[in-house]
Structures are given as C-alpha cells and as structure tokens.
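Novice: Right, I'll just put the structure down here and ask away after.
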Amino acid sequence: QIPAMAQENSFGGSGLSGLEGERKTGQDVRTANVMACVAIANVVKTSLGPVGLDKMLVDDIGDTTVTNDGATILNLLEVDHPAAKVLVELAQLQDKEVGDGTTSVVILASELLKRANDLVNMKIHPTSIISGYRLAQKEAVKFINSKMSVKVDKLGRDALINVAKTSMSSKILNVDADFFAAMAVDAVQMVKTTNSQGEHKYPVKAVNILKAHGRGASDSRKIPGYALNCTRASQAMPTLVNKAKIALLDFDLRKFKMSLGVQVVVTDPTKLQSIRDREEDIMKERIQHILNAGANVVLTTKGIDDMCLKYFCEANAIACRRVKKDDMRRIAKVTGGQVMLSLAGMDGEEGFEASMLGTADKVYEERVGDNELIIIEGCASQRSGSILLRGPNEYTLDEMERAMHDAMCVVKRVLESNEVVPGGGAVEAALSIYLEDFAKTLSSREQMAIAEFAEALLVIPMTLAVNAAQDATELTAKLRADHAGFQEDPVKYKDCANSGLNLTTGSIQDSLALGVLEPAMSKCKSISFATEAAITILRIDDMIKIQAQEDPRGGY
C-alpha cells in the first residue's frame with residue numbers, strides 16, 4: 001500500500017498512469033494565478049481615466065501601436081499564462097458587449113482576486129468567498145439600477161453628448177471632445193432602425209469609419225451615406241450617377257479562363273482563334289446581362305480587366321474593383337441588393353434579375369487628401385453614415401478610430417437602455433459604502449467576502465486619482481464621506497448623491513450636474529464580468545501540465 005503523499009509525488013516524477021507532466025496543487029497554484037492576473041492589470045492600470053497615459057506596443061515584425069484602450073493593449077500582449085488569458089478574454093468580452101470600460105473591468109477583476117487570495121490565506125474556504133462575491137455582485141447591480149441610474153429622457157440630447165465626452169476624455173480626442181462627441185451622437189442617430197417588435201436599434205457597424213492622412217483632427221467630418229475607400233476603375237467613367245442601381249458581384253470580371261487543372265487539347269489550329277473569341281464573348285455576355293438589368297454602378301470584390309472596362313465606360317456606368325468583402329455585405333444591407341457569387345441560375349443558364357440590384361439616390365466620387373472615395377448616398381432600405389477622420393499620421397488615426405468606436409458604442413448603449421449613471425468613481429464609492437453596510441447585516445461567513453468586495457471597488461477611484469497625480473487616499477476618503485452621508489441622511493446630504501472625482505482640480509464635484517456620465521449598463525456589466533472572471537480563477541486549485549512526449553525516432 002503506497003501512502004497517499006507518495007502517490008501524489010510520483011505523479012510528477014516517474015509519471016502516474018503513464019502521464020508525463022508536473023502537477024501543482026493548492027495555495028501555490030492560486031498564488032501563481034493571482035500574481036499573473038495582477039501583473040496583467042498593472043500593465044493597463046496607468047492608462048485608466050481622463051489623465052491616463054498611453055502605451056507603445058511593438059510586435060514581432062516591428063509594427064508599432066500607440067494606444068490606451070485596455071482591450072487593444074491586452075490583445076497585443078501575447079499572454080501565455082492560462083489564468084492571465086482569462087483577463088484578456090474578459091477585456092474582449094467587455095469591448096464586444098459594451099464597447100467601453102475595458103481597462104476598469106480588468107483592474108477590478110485583479111483586485112477582487114488579490115483580496116480573495118488574502119482571505120484564503122486567512123483560512124476561509126474559496127467556496128464561501130465565491131458565494132459572498134456572487135451575493136455582492138447581485139446586490140451591486142440591484143443598487144445601481146434602483147438608486148444610481150437616471151433616465152436619459154429627463155436629460156435629453158446633452159446627456160448623449162456628455163456620455164460620449166466622458167468616454168473620449170481618456171482618449172486622444174480629449175482636446176476636441178465637444179466636436180467629436182456631437183459627431184458620434186449624430187452618426188449613431190443617423191443609423192437608427194426599428195425592428196418588427198417596434199424596438200429602436202442602432203447598428204454601429206452601419207457607420208463606416210474612413211481614415212485619410214493630412215489636415216488636422218478638427219477637419220474630420222461626417223458623410224451622409226456609405227463611403228468606400230475605392231476609386232473608379234477607369235478615368236473615362238462618370239464621377240456621378242443619379243438614381244443608382246447597384247450590382248454587387250463576388251466574381252472576376254476578366255477574360256474567361258478555364259479553371260485550374262482544366263486542359264483544352266486543340267487538334268485543329270484554325271479553331272484556336274474562335275476559342276479565344278468565345279472566351280471574350282462569355283465575359284461580354286455576362287456584362288451585358290448585368291447592364292441590361294439596369295445596373296449603372298458595379299462593385300466587385302475581384303478584378304476587372306481593360307476589355308471589360310470598355311463596356312462599362314460605353315454604358316456610362318461606374319465600376320469599382322477590389323471592394324472589401326465586409327463593405328460589400330454592408331452595402332448589400334443598406335441598399336437592399338444581393339451579393340452575387342455567380343450569374344448561373346437554377347437551370348444552369350446565366351442571367352441577372354433586376355431584383356438583385358441595390359438602389360440609392362446617387363453614387364459619386366470625391367477626392368480626399370491623396371485618395372478618392374466612392375460615396376453612396378440616400379440608400380434605400382437602411383440608413384447609413386460614414387465618418388471621415390483626418391490626422392497627421394497612421395498611429396493618430398488608428399487611435400482616433402478606436403476612440404470614436406468606443407464613443408459610438410457608449411451612445412448606442414445609452415439610447416437602447418435609456419439609463420445613465422454618474423461617472424468619476426461615484427458609483428464605485430456609493431457601492432462600497434452600501435456593500436459594507438450590507439455585509440454587517442449578514443451573520444454568515446460571506447460577510448468577510450462582501451466586505452472585501454466593497455473595499456476592492458475602491459480601486460477604481462484610487463487609480464483615477466493616482467493617475468491624475470492627486471492625493472488618492474485623501475480624495476477617496478472625501479468621496480466615501482459624501483456617499484456615506486447621503487446614504488445615512490438623504491435629505492440633509494442630497495447634494496452629495498452624485499459626488500465624483502474632479503481630476504483636474506483634485507476636488508469632489510457633482511458628476512451628474514457637470515455631465516460626467518456613463519451608461520448604467522456599462523457599470524452593471526463590468527461588475528458582473530469582473531466577478532465572474534475572478535470566480536473562475538479562484539476556483540482553480542490544481543494545475544497539471546502535460547509534457548510533450550518525445551518520439552524515439554528524434555521528432556515530436
């Protein structure tokens with residue numbers, strides 16, 4: 001009979017049940033996981049808030065990215081540690097679900113983990129901590145929805161602009177926040193659609209963001225319609241087509257060739273020329289089908305050769321080649337057309353129905369900087385918009401695009417959920433006080449976990465103050481005092497209900513009155529996601545790494 005301990009040790013050494021690998025258990029694994037997550041959070045910590053700093057990331061082929069968007073930073077870090085990967089995925093999830101708040105969700109998750117690890121060291125079982133965290137998360141979301149959130153209807157369009165400005169405050173667009181916030185709000189409202197249930201939807205993807213070098217950031221503008229980064233395939237084509245009928249093709253408009261591996265054996269050399277002529281005619285017939293259906297704008301994802309261009313020029317149509325597939329799909333959606341993979345019908349005969357065409361009021365070419373844009377205006381089935389960003393170089397433009405995307409996502413969330421909460425650490429401070437009081441009402445073990453959860457939330461206002469070179473301890477204490485006063489005596493301290501940090505002056509302000517707003521959904525989701533991620537990592541108490549088996553023949 002082998003003692004249990006010896007059995008466990010033999011697992012890593014000589015291998016138990018034929019497995020070669022190493023096994024770590026218990027507290028070692030938990031501490032290693034927590035350290036990895038805290039290291040990841042420390043990377044993005046300094047980029048939080050309106051005075052956060054940027055990160056420069058250089059990848060293995062030398063491409064440089066300068067950004068302070070949490071999700072982008074974590075995507076570009078090639079993280080190997082399995083627990084740290086959970087945080088990277090967490091940032092991506094927040095980016096997909098809400099669009100903003102990626103940095104704060106990672107910082108919060110790592111702080112929750114750190115505190116949970118301390119509790120485990122105090123001999124409190126992980127299961128108790130997990131149930132405490134779950135309870136705290138439920139209470140937190142309930143508190144945000146009932147006490148902190150404000151309906152946007154009461155605040156009007158200004159609220160939307162303020163939400164966008166708050167999102168941009170930490171980004172490169174901070175200087176021209178008024179200008180870009182209005183642009184983001186207009187762009188999102190431009191693509192408003194109503195579905196069959198009568199709900200209003202704002203598909204951010206319908207807004208195409210284009211970047212062009214040159215001029216200053218304030219020369220960026222909104223384009224009414226869908227803009228494409230393409231030019232006409234030939235200069236002989238018209239630059240403007242009114243009442244456009246748009247054919248969307250996903251095949252080559254070049255001289256017909258046999259597909260790969262097909263050989264034609266010619267025994268009679270006189271037939272050679274007729275084969276070549278027929279190859280040209282096949283393409284000519286296809287183009288004729290498309291033009292006969294009434295198309296006067298043709299977009300294809302593949303190429304168009306000179307011979308085919310001639311037919312389009314004669315028909316006074318605009319043709320563009322090498323259009324991106326994504327753009328194609330969106331154009332099909334907004335114009336009501338269909339992307340055609342081939343002209344073959346069910347019976348094998350080639351033909352092109354007029355119903356396949358998308359329609360728009362006009363399609364025209366416009367020159368911007370060094371490039372030309374094709375703009376589709378007045379689309380039939382869905383409204384669309386484009387934003388043209390101008391800036392000095394590639395890095396600035398990329399960062400402007402990310403900031404614009406975040407701002408538009410936030411505006412979309414506010415329009416769809418119709419609720420905002422005060423920013424500047426107000427929600428976290430209020431929740432911290434509320435959860436501390438709530439913890440005292442419990443007589444079970446969860447009490448300590450909930451008290452730690454309440455403490456962990458303060459990492460957001462603390463980090464904001466540290467990044468702004470202010471006295472973090474003093475500011476956070478003032479902020480907590482305001483919220484504690486309001487929760488004890490709402491009448492006497494009614495002005496303190498929405499107190500948040502003012503990081504430029506290093507004082508406390510009324511965030512709601514000064515327009516520092518965030519979507520309520522963003523806060524609820526980030527607390528829920530951070531808690532879930534912390535729980536996932538906290539549950540792990542055993543890690544087995546299997547080694548690659550070496551092949552006796554020398555390979556793997």
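Novice: Do you know which residues across region 323-352 are in contact with a helix residue (DSSP H, G or I) (Cβ under 7 Å, 6 or more places away or on another chain), open to solvent by less than 20 Å² (accessible area, probe 1.4 Å) and part of a loop (DSSP other than H, G, I, E, B)?
Specialist: Answer for region 323-352, where residues must be in contact with a helix residue (DSSP H, G or I) (Cβ under 7 Å, 6 or more places away or on another chain), open to solvent by less than 20 Å² (accessible area, probe 1.4 Å) and part of a loop (DSSP other than H, G, I, E, B): GLY337, LEU343.
Novice: Considering each of ILE129, ILE144 in turn, give the residue that is open to solvent by less than 10 Å² (accessible area, probe 1.4 Å), farther than 25 Å from MET404 by Cβ and in contact with a strand residue (DSSP E or B) (Cβ under 8 Å, 6 or more places away or on another chain).
Specialist: ILE144 is the lone residue from the list that is open to solvent by less than 10 Å² (accessible area, probe 1.4 Å), farther than 25 Å from MET404 by Cβ and in contact with a strand residue (DSSP E or B) (Cβ under 8 Å, 6 or more places away or on another chain).
Novice: Just checking, which of VAL66, VAL98, VAL88 is modelled with pLDDT under 85 and open to solvent by less than 60 Å² (accessible area, probe 1.4 Å)?
Specialist: VAL98
Novice: Cβ contacts < 9 Å: first residue open to solvent by 30 Å² or more (accessible area, probe 1.4 Å), restricted to region 23-52; second residue modelled with pLDDT under 85 and part of a helix (DSSP H, G or I), any location; separation 6+ or different chain. Result?
Specialist: Listed by first residue and then by second, the contacts come to ARG23/GLU8; ARG23/PHE11; ARG23/GLY12; LYS24/GLY12; THR25/GLU8; PRO50/ASN174.
Novice: Hey, another quick one. Name the one entry in PRO238, PRO203 that is surrounded by fewer than 19 Cβ atoms within 10 Å (Cβ to Cβ) and under 28 Å from ALA317 (Cβ atoms).
Specialist: Unique residue meeting the criteria: PRO238.
Novice: Report, by residue number, each residue of region 466-496 that is without any contact (Cβ under 8 Å) to a residue 40 or more places away in the chain, open to solvent by less than 50 Å² (accessible area, probe 1.4 Å) and touching a Leu at 6+ places or on another chain (Cβ under 9 Å).
Specialist: Those that are without any contact (Cβ under 8 Å) to a residue 40 or more places away in the chain, open to solvent by less than 50 Å² (accessible area, probe 1.4 Å) and touching a Leu at 6+ places or on another chain (Cβ under 9 Å): ALA472, LEU475.
Novice: While we're on this one: Which members of region 414-430 meet the condition of being closer than 16 Å to ALA164 by Cβ and of a type in the set (Val, Ile, Thr)?
Specialist: VAL414, VAL420, VAL421
Novice: Going residue by residue through region 257-269, is there one that turns out to be open to solvent by 60 Å² or more (accessible area, probe 1.4 Å), over 18 Å from THR300 (Cβ atoms) and acidic (Asp, Glu)?
Specialist: No, region 257-269 contains no residue that is open to solvent by 60 Å² or more (accessible area, probe 1.4 Å), over 18 Å from THR300 (Cβ atoms) and acidic (Asp, Glu).
Novice: Search region 287-317 for residues being under 20 Å from THR335 (Cβ atoms) and open to solvent by 40 Å² or more (accessible area, probe 1.4 Å), and hand back the single one that is nearest to the chain's Cα centre (by Cα).
Specialist: In this case the residue turns out to be LYS302.
Novice: Got at least one residue in region 373-389 being open to solvent by 10 Å² or more (accessible area, probe 1.4 Å) and at pLDDT 85 or above?
Specialist: Taking every residue of region 373-389 in turn, none turns out to be open to solvent by 10 Å² or more (accessible area, probe 1.4 Å) and at pLDDT 85 or above.
Novice: For region 401-429, give me the residue count where each residue is in contact with a strand residue (DSSP E or B) (Cβ under 7 Å, 6 or more places away or on another chain), open to solvent by less than 10 Å² (accessible area, probe 1.4 Å) and small (Gly, Ala, Ser).
Specialist: Residues meeting the conditions: 3.
Novice: So, of the residues in region 353-372 that are in a helix (DSSP H, G or I) and in contact (Cβ under 8 Å) with a residue 24 or more places away in the chain, which turns out to be surrounded by the most Cβ atoms within 10 Å (Cβ to Cβ)?
Specialist: My answer is MET356.
Novice: Just to be sure I understand the filter: pairs with C-beta atoms under 7 Å, separated by 6 or more residues or on different chains, first member in region 55-74 and touching a residue at least 60 places away in the same chain (Cβ under 8 Å) and within 17 Å of ASN467 (Cα to Cα), second member open to solvent by less than 30 Å² (accessible area, probe 1.4 Å) and among the hydroxyl-bearing types (Ser, Thr, Tyr). Which pairs pass?
Specialist: Listed by first residue and then by second, the contacts come to ASN68/SER47; ASN68/SER170; ASP69/THR102.
Novice: On the given criteria, is ASP398 of a type in the set (D, E, K, R), closer than 30 Å to ARG221 by Cα and buried (at least 23 other Cβ atoms within 10 Å of the Cβ)?
Specialist: Judged against the criteria, ASP398 is not a match.
The values are calculated or read from the model by the stated rules, or taken from the named source; none is laboratory data. Remember, predicted model here, so these are calculated numbers, not experimental data. Glycine also receives a Cβ, built like all others from the backbone with ideal geometry; neighbour counts cover every protein chain displayed. Ligands, DNA and RNA are excluded from the accessible area calculation, which covers all protein heavy atoms including side chains. Shrake-Rupley method; radii C 1.70, N 1.55, O 1.52, S 1.80 Å.
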